[in-house]
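Down below is the structure, laid out as structure tokens.
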Amino acid sequence: MRRPPNPKYALLAGADLLALCADVEGLFAEPAPPARARYELRGCEPRGPLGRAVTQAVVEGTAPQGELYVRTSDGVLGLQDVRVLGIRGDVVTVEARTPPARERDRRDAVDCAHLIRISPEQPEEATHTEVTFLGCAPRGALREAVARDRTLTAPVTFQRLAQAGTAAFGARGARITGWAPSARETDAGATAAGDADAGLLDVTVLVDRRDLRPPAVADIWELWWRDRPEEPGTWARFPSGTRGAWLEQARRRSEVPDPPADTYHLDGAHVVDADSFWCALGEAFLGPGGYLAEDLDQLHPPFEPGTTLVWHDAEVARTCLGVVPRARDRPPTFEEIVVALACSGVTVEFA
């Protein structure tokens with residue numbers, strides 16, 4: 001069976017390859033924000049931060065809580081980005097961005113009898129959308145399903161491939177809803193519909209709307225298709241919310257050598273969030289497309305004595321970083337970054 005020219009996507013069921021595909025339609029759009037759901041904490045005696053939030057909610061109608069951990073007969077459950085909506089007897093009503101996640105026992109967990117979701121589940125048509133992978137050469141289970149005209153029910157994921165052999169991982173579990181002969185032209189000028197030997201398909205996959213990618217991510221993936229970008233500051237062309245995709249590609253393509261002692265310059269004009277800082281830091285030490293770290297803990301190997309980082313336009317980061325509410329997974333503040341660099345042996349100067 002013919003392989004699509006320069007396949008850019010792979011469809012997989014677990015570790016098993018289902019198809020290599022030339023392109024995709026419908027994947028690049030603004031992702032849907034997570035749907036917030038309401039829960040009741042039943043048989044609950046609010047205390048500590050939750051007690052204060054309940055008091056505020058009684059007065060003002062709602063109150064921010066942030067993280068909330070609840071100890072029930074089912075164990076400790078955690079909710080993120082919580083707002084307290086009110087209390088009725090021993091029942092506290094809250095709203096959260098994430099479903100309950102099992103946690104290890106925590107001293108700050110609030111004892112409650114039950115944690116019950118009271119919001120109805122959204123219908124699939126409201127939470128999912130169809131994405132079409134074009135010019136796909138089926139393999140394995142998909143090829144067998146096509147040959148026997150059977151439905152393939154296994155959850156699937158996709159990978160964005162690269163010419164250099166690395167990949168960006170795609171959506172969480174989705175499912176294939178259909179396929180049809182592909183009319184996409186190959187590099188040889190033949191179409192699957194008109195060339196029986198090609199056997200290429202257009203495969204439709206139902207994906208969670210939260211797994212759609214902003215349009216700028218398509219440009220980032222295309223830019224990294226062959227190799228690391230060579231122009232300084234290329235990452236800054238992309239909106240701040242998509243620079244995590246740049247970091248993902250840089251991490252997969254970059255070796256992380258120990259930079260020798262020297263003076264390095266960080267262009268801080270576009271450092272408006274944590275991802276921006278890590279993009280700029282990697283470039284400062286390792287050149288365009290360089291990757292050094294994306295977490296303060298990754299800075300622990302000490303730099304050579306005498307290493308200096310000159311941070312230009314540092315006021316941009318000083319103004320923008322660390323202004324979100326403090327939470328367990330919050331981004332680092334400007335001051336924390338400077339301290340972490342200093343602890344790693346880097347002298348930071350501002351210019």
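The values are calculated or read from the model by the stated rules, or taken from the named source; none is laboratory data. These numbers come from a predicted model, not from an experiment. Cβ: placed from backbone, ideal geometry, glycine included. Neighbour counts: every protein chain shown. In case anyone asks, the SASA skips ligands and DNA or RNA and just uses the protein heavy atoms, side chains included. Shrake-Rupley method; radii C 1.70, N 1.55, O 1.52, S 1.80 Å.
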Projected onto the charge dipole of the chain (+1 at Lys/Arg Cβ, -1 at Asp/Glu Cβ, origin at the Cα centre), which of ALA216, PRO229, VAL24 gives the Cα projection farthest towards the positive end? VAL24
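Would you work out what percent of the accessible area of the range 38-178, with all protein chains in place, is carbon or sulfur (probe 1.4 Å)? Walk me through the numbers on the way to the answer.
Numbers: 3650 of 7710 Å².
Summing carbon and sulfur atoms, their accessible area is 47 percent of the total for the range 38-178.
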Can you give me the Cα centroid spacing of the range 226-250 and the range 39-58 in angstrom? 44
Under the classification rounded if a/c is under 1.5, otherwise prolate if a/b is larger than b/c and oblate if not, where does the range 111-153 fall, given a ≥ b ≥ c as square roots of the Cα gyration tensor eigenvalues? prolate
Starting at the first residue of the range 6-21, write each ³J(HN,Hα) from the Karplus equation 6.51 cos²θ - 1.76 cosθ + 1.60 with θ = phi - 60°, in whole Hz, x for Gly and Pro. 6, x, 10, 9, 10, 9, 9, 10, x, 9, 8, 6, 9, 6, 10, 10
Under the rule of at least 5 residues apart or a separate chain, name every residue whose amide H is placed under 5 Å from the amide H of ARG36. none
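If you average the sequence gap of Cα pairs under 8 Å that are 6 or more apart and divide by the length of the range 1-78, what percent do you get for the contact order?
Numbers: 51 pairs, mean separation 11.1, N = 78.
About 14 percent, as a whole number.
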Which residues qualify? For VAL76, with a placed amide H closer than 5 Å and at least 5 residues away or on another chain, they are GLU103
Any chance you could look up the accessible area of HIS114 with a 1.4 Å probe, heavy atoms only, rounded to 10 Å²? 100
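Please compute the contact order of the chain in relative form: average sequence separation of alpha-carbon pairs under 8 Å and at least six residues apart, divided by the residue count, as a percent. Let's see the in-between values first.
Values: 742 pairs, mean separation 53.6, N = 351.
Once normalised by length, the contact order is 15 percent.
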Pull the list of the chain cysteines that no other Cys approaches to under 4.7 Å, Cβ to Cβ. CYS279, CYS320, CYS343
For n ≥ 4 DSSP H runs only, could you compute -39500 (n - 2.57) per run for the chain, divide by its residues and tell me the 222 nm figure to the nearest 500? -6000 deg cm²/dmol
What percent do you get for the relative contact order of the range 238-345 when only Cα pairs under 8 Å and 6+ apart count? 30
Cα extents of the chain along the three principal axes, largest first, in whole Å? 70, 59, 30
Can you give me the solvent accessible area of ARG139 with a 1.4 Å probe, rounded to the nearest 10 Å²? 60
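Using a 1.4 angstrom probe, figure out how much accessible area the range 49-176 has per residue, in square angstrom, rounded to the nearest whole.
Details: 7010 Å² over 128 residues.
Spelled out: the 1.4 Å probe surface of the range 49-176, per residue, equals 55 Å².
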